[in-house]
Amino acid sequence: HLAALVLARGGSKGIPLKNIKLLAGVPLIGWVLRAALDAGVFHSVWVSTDHDEIEKVAKQFGAQVHRRSPEVSQDSSTSLETIREFLNHHHEVDIVGNIQATSPCLHPSDLIKVADLIQEEGFDSVFSVVRRHQFRWSEVKKGENKMTEPQNLNPAKRYRRQDWPGELYENGSFYFAKRHLIEKGYLQGGKMAYYEMRAEHSVDIDIDIDWPIAEQRVLSFGYFGKEPLKEVKLLVCSIDGCLTNGRIYVTEDQKEMVSYDYRDIVGIELLKKRGIQVRLISERDCAKTLSAMQLGCIAKVNATNKLQILEDWRKDIVLSWKEVAYLGNEESDVECLKNAGLSGVPADACTVAQKAAGYICKSNGGCGAIREFAEHIFLLLEKVNSARKQ
């Protein structure tokens, strides 16, 4: 029994609840859980946590949850202690694939190859490494009367990068080990092997990179699911709570007013310039409001079945679901979010809508969420175009 295990403690000295903080619109832990589940080599996929919110996110992505004890949830607790506790409660598990939550560019293909090494080729432990071309020098501490010395080079004959194979370093993405090793207190031992990951997939946001840069790396090199990305050609956006903030102001003469953010109008115009159609949908009769906005978008109001309208639009333009993006915020948007190839919600969307979406904006509805989602679409379009060139 090969089990994937992601350790995700609630406490963090750096970023509070870092493991479920949104990275490129997806909870950090979601990136590795998606890769582990889609690899198809694990008999079970687990998250070991001490926090209710992390448990909710883990289950949302399809993982099982092991509630760790307070004894292994301290700042001083080691990964090995936590894994051993997990094994004490799950006697069916023979091999543990400990996957780091902070490695969001992990791909299923890597996990498949590692599973083969440990299951078919008989290795007891396999861990991930990355190749680096870095010259090392000895450290000279303050006050020491000595010179630094080269560690892996001859200064008189420095290698060119292309003439030097470099060195292998652990990158911490994963550690696979058989039960008997872990019970003896080892994550690496017995018949060992390393697995070399591609440099662009070797991202550890705890060590190498800060959050905004990590988001760019993930958008460029992350794993987005089994189905290849397709170019988005239609964005359908819910009016109430996405284009507007959902509030309706009523004047003394009983006229309704709503507010919207000019950044969202810019986002709609940028989408149109890129050849992406933008259509709007609402359960209310807000035709007069839309007319006043002068957005120039096809809209459907009094929509009682949003999914059917979306389906009709998709067929009319002759698009696959992968070419449709949807931005919604309410329970009535859930089925549309599930069917669309690219789905998003504002930060203040209801819980069920957030669970159905692939991207959660940092902005609230009516406060720049459409503009932000448009930027996300553009970045994914760059990824699609890059894949085509390759």
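The values are calculated or read from the model by the stated rules, or taken from the named source; none is laboratory data. Keep in mind it's a predicted model, so treat the numbers as computed, not measured. No Cβ is skipped: glycine too gets one built from the backbone with ideal geometry, and neighbour counts run over all protein chains shown. When the accessible area is computed, the model is the full protein with side chains, heavy atoms only, and any ligands, DNA or RNA have been set aside. Shrake-Rupley method; radii C 1.70, N 1.55, O 1.52, S 1.80 Å.
General observations
- Output for region 48-84, where each listed residue is among the acidic types (Asp, Glu) and free of Cβ contacts under 8 Å to residues at least 24 places away in the same chain: Asp52, Glu55, Glu71, Glu81
- Of the criteria (1) surrounded by fewer than 21 Cβ atoms within 10 Å (Cβ to Cβ); (2) farther than 27 Å from Lys184 by Cβ, which one Pro27 fails: (1)
- Candidate set from region 332-354 (those that are aliphatic (A, V, I, L, M) and in contact with a strand residue (DSSP E or B) (Cβ under 8 Å, 6 or more places away or on another chain)); member that is farthest from Arg284 (Cα to Cα): Leu342
- Residue match in region 46-63 (condition: closer than 30 Å to Phe378 by Cβ and among the basic types (Lys, Arg)): no
- Lone unmet requirement of (1) in contact with a strand residue (DSSP E or B) (Cβ under 8 Å, 6 or more places away or on another chain); (2) open to solvent by less than 10 Å² (accessible area, probe 1.4 Å) for Leu295: (2)
- Set side by side, the residues Glu92, Glu120, Glu85, Glu139 differ, and just one is open to solvent by less than 60 Å² (accessible area, probe 1.4 Å) and either outside the structural domain of Leu23 (by the TED database) or of a type in the set (Asp, Glu) (or both), which is Glu85.
- Test: residue in region 290-309 that is assigned to a helix (DSSP H, G or I), free of Cβ contacts under 8 Å to residues at least 12 places away in the same chain and under 20 Å from Gly366 (Cα atoms): yes
- Residue check for Ser202: touching a residue at least 40 places away in the same chain (Cβ under 8 Å), among the small types (Gly, Ala, Ser) and not assigned by the TED database to the domain that holds Phe378: yes
- Asn329 vs. criteria in contact with a strand residue (DSSP E or B) (Cβ under 6 Å, 6 or more places away or on another chain) and either more than 26 Å from Lys226 (Cβ to Cβ) or buried (at least 18 other Cβ atoms within 10 Å of the Cβ) (or both): yes
- Listed by position, the strands (runs of 3 or more DSSP E) contained in region 60-155 that have at least 2 residues being of a type in the set (A, V, I, L, M, F, W, C) and modelled with pLDDT of 90 or more are 95-99, 125-132.
- Among residues of region 252-292 being small (Gly, Ala, Ser) and open to solvent by 30 Å² or more (accessible area, probe 1.4 Å), the one that is nearest to Ser332 (Cα to Cα) is Ala287.
- Among the residues of region 335-384, the one identified as of a type in the set (S, T, N, Q) and either outside the structural domain of Gly246 (by the TED database) or part of a strand (DSSP E or B) (or both) is Ser343.
- Check on Gln60, crowded, with 19+ Cβ neighbours inside 10 Å, of a type outside the set (A, V, I, L, M, F, W, C) and in contact with a helix residue (DSSP H, G or I) (Cβ under 9 Å, 6 or more places away or on another chain): no
- Of all residues making up region 95-117, the number that are surrounded by 18 or more Cβ atoms within 10 Å (Cβ to Cβ) and either polar (S, T, N, Q) or in contact with a Cys (Cβ under 8 Å, 6 or more places away or on another chain) (or both): 4
- Flag for Lys230 being open to solvent by 50 Å² or more (accessible area, probe 1.4 Å), in a helix (DSSP H, G or I) and either at positive phi or modelled with pLDDT under 80 (or both): no
- Qualifying residues in region 346-367 (those that are in contact (Cβ under 8 Å) with a residue 24 or more places away in the chain and touching a Cys at 6+ places or on another chain (Cβ under 8 Å)) - the one surrounded by the fewest Cβ atoms within 10 Å (Cβ to Cβ): Gly366
- A single member of Ser48, Ser44 is surrounded by 22 or more Cβ atoms within 10 Å (Cβ to Cβ) and over 16 Å from the mean Cα position of the chain (by Cα), and it is Ser48.
- Residues that are surrounded by fewer than 16 Cβ atoms within 10 Å (Cβ to Cβ) and over 27 Å from the mean Cα position of the chain (by Cα), drawn from region 312-326: Asp312, Lys315, Asp316, Ile317, Val318
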